[in-house]
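Below is one structure, written out as structure tokens; comments come after it.
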2 protein chains.
Amino acid sequence: MTHRPTAAQLEACLRALASGLAPHQLRTNAEALEDYGRDESDLGTTPADAVVLAETTDQVSFVLRTTQAHGVPVTPCGARSGKSGGSMPVDGGVVLSLERMKKIKRISVEDLTAVVEPGVVTGDLMKAVEEVGLFYPPDPNSWEWCTLGGNVAENAGGPRALKYGVTRDYVLGLEWVMPRGEVLRLGRQTIKGVAGYDLVGLLVGSEGTLGVATEVTLQLLPRPRVVQTALLIFPAVETAARAVTAVLAGGILPRTLELLDDVSIRAVDGRGFNFPPGTGAAVLAEVDGNQDDAVFAELAQLSEIATAHGASETLLAQGDAQREQLWAARRSVSTALRALARHKLSEDIAVPRSAMVDTIQRLKAMGEELGLTVATYGHAGDGNLHANILFDSPDQRPLVETALRRMAELAISVGGTITGEHGVGLAKRDLLPLEQSPGVLQLQRQLKSLFDPAGLLNPGKVFQAL
Amino acid sequence: MTHRPTAAQLEACLRALASGLAPHQLRTNAEALEDYGRDESDLGTTPADAVVLAETTDQVSFVLRTTQAHGVPVTPCGARSGKSGGSMPVDGGVVLSLERMKKIKRISVEDLTAVVEPGVVTGDLMKAVEEVGLFYPPDPNSWEWCTLGGNVAENAGGPRALKYGVTRDYVLGLEWVMPRGEVLRLGRQTIKGVAGYDLVGLLVGSEGTLGVATEVTLQLLPRPRVVQTALLIFPAVETAARAVTAVLAGGILPRTLELLDDVSIRAVDGRGFNFPPGTGAAVLAEVDGNQDDAVFAELAQLSEIATAHGASETLLAQGDAQREQLWAARRSVSTALRALARHKLSEDIAVPRSAMVDTIQRLKAMGEELGLTVATYGHAGDGNLHANILFDSPDQRPLVETALRRMAELAISVGGTITGEHGVGLAKRDLLPLEQSPGVLQLQRQLKSLFDPAGLLNPGKVFQAL
């Protein structure tokens with residue numbers, strides 16, 4: 001089922017939109033339509049028919065009301081850094097960008113809260129709160145350009161989720177524009193609160209299909225005064241995965257335990273950081289706290305456990321520059337892998353930690369069987385693995401589709417999920433029925449209908465409409 | 001609107017229930033009907049017409065199907081330790097108790113997860129996981145007898161919420177019986193996961209009105225190896241509240257910062273613990289971590305900040321026995337206050353920390369103006385205050401109702417909420433419209449109708465049905 005508008009619907013809708021927006025806010029030039037037709041998912045481009053750059057809550061409401069009135073689909077977006085095609089306007093229509101709503105409205109040291117517009121870049125908030133001694137933990141890989149509204153839509157995670165949780169753990173309140181334009185204030189401004197149903201809980205991670213956040217109240221933490229980073233070198237990825245589990249079972253909760261397998265290391269080696277020869281896998285471990293000695297002692301203990309479980313070397317970052325070097329290597333994995341082959345499709349499975357070694361082995365074996373290169377890296381501490389399939393020829397696409405499906409089945413068979421943090425979007429829409437029963441899918445479709453009876457907000461995402 | 005069943009409906013329903021349950025599982029004796037007609041809310045008793053003690057998921061499904069088929073309301077309950085009347089069968093009908101489903105099915109050290117039935121007592125899980133070096137943080141005051149199913153229904157908090165969050169932060173997955181009996185598996189078994197809408201997020205805290213949890217998958221943490229506890233003594237409650245904010249602004253995140261005002265201290269003084277003469281308020285502070293020195297240093301720093309902000313004395317708990325003594329004093333406040341007057345009505349407002357001192361002063365002033373004794377204690381660290389009104393004569397009830405309403409208005413006027421952790425239930429149902437707009441209430445009613453079109457599951461709670 002498509003919601004693609006007719007030319008007449010579109011024309012009438014654009015005329016109505018133009019009447020309520022400044023000229024610079026409504027774009028229909030070919031370049032914009034292309035740009036706003038893709039994200040970071042490798043799913044190609046589905047051009048929009050128009051792009052609106054909203055600047056106020058009223059305008060967001062106006063755009064939603066107007067598109068609904070004209071039967072035109074509307075797809076909200078932030079920085080289009082998503083990995084699952086969630087902001088792609090698959091049926092055309094209007095893309096509603098929140099990127100211009102980028103005011104940090106308030107940071108309260110006393111309340112440990114921040115109030116932001118959805119277009120604020122995650123990294124900008126991180127820096128702003130750090131300047132006053134506070135800490136906003138969620139750190140998706142794209143933190144330097146992704147936006148908080150997008151983080152809310154996707155319930156973004158990141159390396160620090162291991163200790164600090166994901167975006168939903170920090171969202172206290174939302175100003176929320178319903179699909180037909182009604183503006184609601186949901187949730188709370190306080191740290192605790194249980195008045196009524198947890199609508200914020202439902203809406204964080206709803207992938208832009210149930211409404212649009214126009215203001216977000218976030219919880220902050222005091223900034224840990226000390227952070228220590230180490231790179232643990234392993235001969236093989238299985239050894240590294242076992243060590244990760246041993247560290248956590250040993251009572252240590254680092255803020256990150258990031259895994260890189262041999263292919264990932266090959267991809268980033270020499271790009272600002274040289275791995276020791278013979279490195280088969282590595283774990284980037286980071287520990288934080290308020291007392292120098294304690295943090296150092298914890299990192300030493302972590303390193304001891306890792307050594308006892310097969311780590312061949314521990315490289316301790318000396319100072320911020322070295323620390324940044326290690327992180328730059330980790331962050332560049334995704335881009336660097338892309339340089340290894342013409343195409344890259346990235347999975348985002350999460351499995352129980354106890355199944356991680358087995359899962360990694362079976363992913364490698366599957367790759368060999370199908371003749372595909374599989375690179376596995378990611379947030380090993382919480383079992384969230386980014387398995388990437390590298391391939392050069394479009395002819396291999398059917399094989400890759402088989403591989404993706406088998407990865408999803410593998411994750412589910414060990415008690416895992418098809419998506420740990422990227423979302424379902426378009427990329428995994430057809431895989432969701434492998435994980436969730438018809439009853440669960442039906443309940444979600446009913447919720448979607450309750451919020452958006454016409455199905456015009458971000459159509460084609462998460463699940464197939466009936 | 002009432003859903004109270006007719007005698008004929010009830011008789012037919014009980015006959016049907018009897019056909020599918022063992023005789024000991026279906027109770028209609030007067031004592032049981034009274035017992036299951038009340039909770040810890042001081043709202044009196046609304047007797048049930050029958051009590052079912054379910055032992056399996058199939059039986060829960062059977063009871064829900066059967067009551068729906070006969071148009072009989074059904075109210076789920078755990079330990080009936082709730083504070084907001086959430087488990088009171090206000091329209092009679094069947095009370096569905098989960099207390100017999102109390103198996104801890106699995107604790108995984110490697111995965112840091114537990115799978116439990118809803119009738120497991122919170123404290124039993126805490127102890128079981130501590131024995132294997134793990135930690136389940138949420139600690140509602142009633143942890144020794146409340147159940148995890150009840151904690152999920154109410155999204156229970158507790159002192160440690162300051163550092164570790166509330167129940168919803170630990171619920172990964174649910175086996176959920178829909179109001180008409182359908183059994184769904186929701187959420188995940190992994191630490192991270194974003195497949196589909198966050199139905200678990202919506203259902204935790206839905207106060208038994210959207211279905212019944214029959215299995216809960218919980219996230220656990222490594223157990224902090226060191227805990228240090230101190231009692232900080234202050235001349236007045238405002239000074240104490242200011243010190244709490246200063247500690248947090250000073251970059252320290254203790255696991256608890258519990259406040260007791262002068263009335264609360266008077267109530268518990270001498271019951272196993274003697275406060276120094278002249279104590280006007282106290283803060284029970286607890287810091288945890290893995291390194292002895294670091295935890296001690298943090299507590300010392302906390303104590304310094306408190307002293308700089310007016311604390312007259314710091315009593316450091318020496319060993320577990322003293323620690324338990326301090327906590328017993330804190331935990332007994334609610335009961336001890338009840339001994340001071342014939343009636344006690346407890347509020348559960350939460351306010352932004354920056355408004356806490358002002359709020360406490362205005363609560364006291366309001367009490368004086370109305371001639372009522374107001375005792376304020378609770379989780380000062382996160383601004384969640386339990387303001388208790390003590391009174392002796394039922395004649396004072398209208399005055400008390402006025403006071404409760406004014407407290408709610410006060411909390412809302414400073415950006416707070418009418419309930420930080422107890423839930424709305426019956427107690428605050430009529431206050432919810434002060435906090436939430438008609439649009440937000442309407443959305444919740446629509447959700448309720450989607451889940452429970454006949455409105456037979458736990459009727460009369462959270463909001464007035466239309």
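Just so you know, all these numbers are worked out from the coordinates, no wet-lab data involved. All of these numbers come straight from a predicted model, not from anything done at the bench. Heads up, the Cβs are rebuilt from the backbone with ideal geometry, glycines too, and the neighbour counts pull from every protein chain shown.
Quick one: compute the contact order of the stretch B:1-125, relative version, from alpha carbon pairs under 8 angstrom and 6+ residues apart, as a percent.
Numbers: 228 pairs, mean separation 32.9, N = 125.
Dividing the mean separation by the residue count of the stretch B:1-125 yields 26 percent.
With only Lys, Arg, Asp and Glu charged, each at its Cβ (+1 for the first two, -1 for the last two), find how big the charge dipole of the stretch A:341-435 is about the Cα centre; round to the nearest 20 debye. Let's see the in-between values first.
Working: 10 positive and 13 negative charges, 14 e Å.
Dipole of the stretch A:341-435, to the nearest 20 debye: 60 debye.
Label-to-label distances across copies for residue B:18, with labels 7 Å out along Cα→Cβ, in nm, shortest first?
When each copy's label point is compared with this one, the spacings are 7.6 nm.
Could you size up the charge dipole of the protein assembly as shown around its Cα centre, putting +1 on the beta carbon of Lys and Arg and -1 on that of Asp and Glu, and report it in debye to the nearest 20? Show your work: numbers first, answer last.
Values: 86 positive and 110 negative charges, 309 e Å.
So the magnitude is around 1480 debye.
For the stretch B:104-222, count all C-alpha to C-alpha pairs, find those more than 26 Å apart, and express that count as a whole percent of the total. Can you show the working numbers first?
On the way: 806 of 7021 pairs.
Counting pairs separated by more than 26 Å, the tail of P(r) holds 11 percent.
Shielding of B:287-295 by partners, i.e. mean partner chain Cβ atoms within 10 Å per residue? Intermediate values should be presented prior to the final figure.
Details: counts 0, 0, 5, 8, 9, 1, 4, 10, 2.
Across the residues of B:287-295, the mean count of other-chain Cβ atoms within 10 Å is 4.
Long-range amide H contacts for residue B:419: which residues qualify at under 5 Å (H placed 1.01 Å from N, peptide plane, sequence gap of 5 or more or a different chain)?
Residues meeting the criterion, in which the H sits 1.01 Å from N, are A:194, A:195, B:350.
Answer rounded, prolate or oblate for the stretch B:136-294, using the Cα gyration tensor with square roots of eigenvalues a ≥ b ≥ c: rounded when a/c is under 1.5, else prolate when a/b is larger than b/c, else oblate. Write down the numbers at each step before the final one.
On the way: a/c = 2.74, a/b = 1.95, b/c = 1.41.
Judged from the Cα gyration tensor, the stretch B:136-294 comes out prolate (a/c at least 1.5, a/b above b/c).
When you look at the Cβ of every residue in A:419-431, what mean number of other chain Cβ atoms sits within 10 Å? Write down the numbers at each step before the final one.
Working: counts 6, 7, 3, 1, 3, 4, 0, 0, 0, 2, 0, 0, 1.
That works out to 2 on average.
What FRET efficiency would be calculated for the residue pair residue A:6, residue B:69, taking the C-beta separation as r and a Förster radius of 60 Å, to the nearest 0.05? Display every interim value, and only then the final one.
On the way: r = 47 Å, r/R0 = 0.79.
The formula returns an efficiency of 0.80 here.
Measuring nothing but label to label, 7 Å from Cα along Cα→Cβ, what are residue A:362's distances to the other copies in nm, shortest first?
5.8
Along the Cα→Cβ direction, 7 angstrom out, place labels at residue B:368 and residue B:339. What is the inter-label distance in nm?
The modelled label-to-label distance comes out at 2.8 nm.
Which one, A:329, A:97, A:26, is farthest towards the positive end of the dipole of chain A when Lys and Arg carry +1 and Asp and Glu -1 on their Cβ?
In chain A, that residue is A:26.
In degrees from 0 to 90, rounded to the nearest 10, what is the angle of the helix B:292-308 Cα long axis to the longest principal axis of chain B?
70 degrees
Which one of B:270, B:408, B:436 is farthest out on the positive end of the charge dipole of chain B, using unit charges on Cβ (Lys, Arg +1; Asp, Glu -1) and the Cα centre as origin?
Most positive-ward Cα: B:436.
Take the residue pairs A:448/B:163; A:102/A:192; A:192/A:448; A:461/B:192; A:192/A:461 and return only those whose Cα atoms are more than 30 Å apart.
Values: A:448/B:163 35 Å; A:102/A:192 26 Å; A:192/A:448 28 Å; A:461/B:192 20 Å; A:192/A:461 32 Å.
Pairs exceeding 30 Å: A:448/B:163; A:192/A:461.
Using the 7 Å Cα-to-Cβ label point, sort the distances from residue B:453 to its equivalents in the other copies shortest first and give them in nm to one decimal.
Between copies, matching label points for residue B:453 lie 1.6 nm apart.
So how strong a dipole does the stretch A:48-206 carry about its Cα centre when Lys and Arg Cβ are +1 and Asp and Glu Cβ are -1, to the nearest 20 debye?
Values: 16 positive and 18 negative charges, 39 e Å.
Here the size comes out at about 180 debye.
For the stretch B:1-135, with the dipole built from +1 on Lys and Arg beta-carbon atoms and -1 on Asp and Glu ones, taken about the Cα centre, which of B:78, B:48, B:135 lies farthest toward the positive end?
B:48
List the lysines whose alpha-carbon lies under 18 Å from that of residue A:364, not counting same-chain residues fewer than 8 positions away?
A:344
Taking Cα centroids, how far is the stretch B:1-40 from the stretch A:417-466 in Å?
With the stretch B:1-40 and the stretch A:417-466 each reduced to a Cα centre, they are spaced 39 Å.
Against the longest alpha carbon principal axis of chain A, how many degrees, from 0 to 90 and to the nearest 10, is the axis of helix A:122-131 turned?
Helix A:122-131 and the main axis of chain A meet at about 70 degrees.
Between helix B:356-370 and chain B, what is the angle of the helix's C-alpha long axis to the longest principal axis, kept within 0 to 90° and rounded to the nearest 10?
For B:356-370 against chain B, the angle is about 80 degrees.
Under a plain spin-label model, where a point goes 7 Å from the Cα along Cα-to-Cβ, how far apart in nm are residue B:226 and residue B:328?
Using points 7 Å along Cα→Cβ, the separation is 2.7 nm.
Arrange the peptides B:152-163, B:94-105 so that the one whose residues have, on average, the most other Cβ atoms within 10 Å appears first. It would help to have the intermediate numbers written out before the result.
On the way: B:152-163: 26.7, B:94-105: 21.0.
Peptide ranking by packing, descending: B:152-163, B:94-105.
Residue by residue through A:199-207, how many Cβ atoms from other chains fall within 10 Å of the Cβ on average? It would help to have the intermediate numbers written out before the result.
Details: counts 7, 3, 12, 8, 4, 4, 7, 4, 3.
Mean shielding by partner chains, rounded to a whole number: 6.
Tell me which aspartates and glutamates have Cα within less than 16 Å of residue A:83's Cα, excluding those fewer than 8 residues away on the same chain?
A:35, A:39, A:40, A:42, A:139, A:144, A:154, A:207, A:347, A:348, A:421, A:430
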